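Since the structure comes first, as structure tokens, the remarks are kept for the end.
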Amino acid sequence: MVLIKPHHLLDIFKLYGAGINFFIPNHLYGHDFYKIGNIILKNHNTRVKFTSGPDDICGPCKYNVNGKCTDTVPDNPLKYSSKDYWNKTIDKRVMKTLSIKDGTKMTALGYCVLAMKKLNKENIKRIWNERPGNETKRRTILLLKGLKKFSDKAR
């Protein structure tokens, strides 16, 4: 079972929609995004458990200090720059939109199908409403494309 933040799994689908079919390590951060991303892409039935705290991606990251992300959010128009606060804010919005909570378990494909049913342009924009419009528009296109691609490949 993979412990994962809801937005991290959406990021995997978004990047899959951008054409990334295999993730490589990020030596700058040292996190396990590549490892978890590849597990998910190889097995649609990977069991996941959602958290708004540190997950299996965050574990080895150089910014993970005692379970808190000490990284900052570049160019964030909000009054804060804490990535820990930002991630929790985004995950709270995702969980509300998808009607899931901390500890919810399902397969990656189940999450994909749920996201396909509940995410649309309007609520993706609402979830990431502080980000620039062009960034959110691109996120929306790639995320929806990645969800469809992941779902189609499972058939």
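The values are calculated or read from the model by the stated rules, or taken from the named source; none is laboratory data. Just so it is clear, the model here is predicted, and its values are computed rather than measured. Here the Cβ positions follow ideal geometry from the backbone for every residue, glycine too, while neighbour counts run over all protein chains shown.
Here are the numbers for the structure shown:
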read-out: Residues that are in a loop (DSSP other than H, G, I, E, B) and either at pLDDT below 95 or among the aliphatic types (A, V, I, L, M) (or both), drawn from region 31-52; value: SER52
read-out: Residue that is farthest from LYS153 (Cα to Cα), among those in region 1-31 that are of a type in the set (Gly, Ala, Ser) and in contact (Cβ under 8 Å) with a residue 12 or more places away in the chain; value: GLY30
read-out: Unique match (being of a type outside the set (Ser, Thr, Tyr), surrounded by 14 or more Cβ atoms within 10 Å (Cβ to Cβ) and either modelled with pLDDT of 95 or more or closer than 28 Å to MET1 by Cα (or both)) among ASN87, ASN120, ASN76; value: ASN87
read-out: Residue in region 97-113 that is within 15 Å of the chain's Cα centre (by Cα), more than 22 Å from PHE150 (Cα to Cα) and not in a helix (DSSP H, G or I) present; value: yes
read-out: Boolean, ASP56 is of a type in the set (Asp, Glu), crowded, with 21+ Cβ neighbours inside 10 Å, under 21 Å from MET106 (Cα atoms) and at pLDDT 95 or above; value: yes
read-out: Pairs, first on the phi > 0 side of the Ramachandran plot in region 90-107, second of a type in the set (Phe, Trp, Tyr), C-beta under 8 Å, six or more apart; value: GLY103/PHE50
read-out: Subset tally (residues that are surrounded by 15 or more Cβ atoms within 10 Å (Cβ to Cβ) and of a type in the set (Ser, Thr, Tyr)) for region 59-73; value: 1
read-out: Counted residues, region 1-38 - those being hydrophobic (A, V, I, L, M, F, W, C), buried (at least 16 other Cβ atoms within 10 Å of the Cβ) and closer than 22 Å to GLY67 by Cβ; value: 8
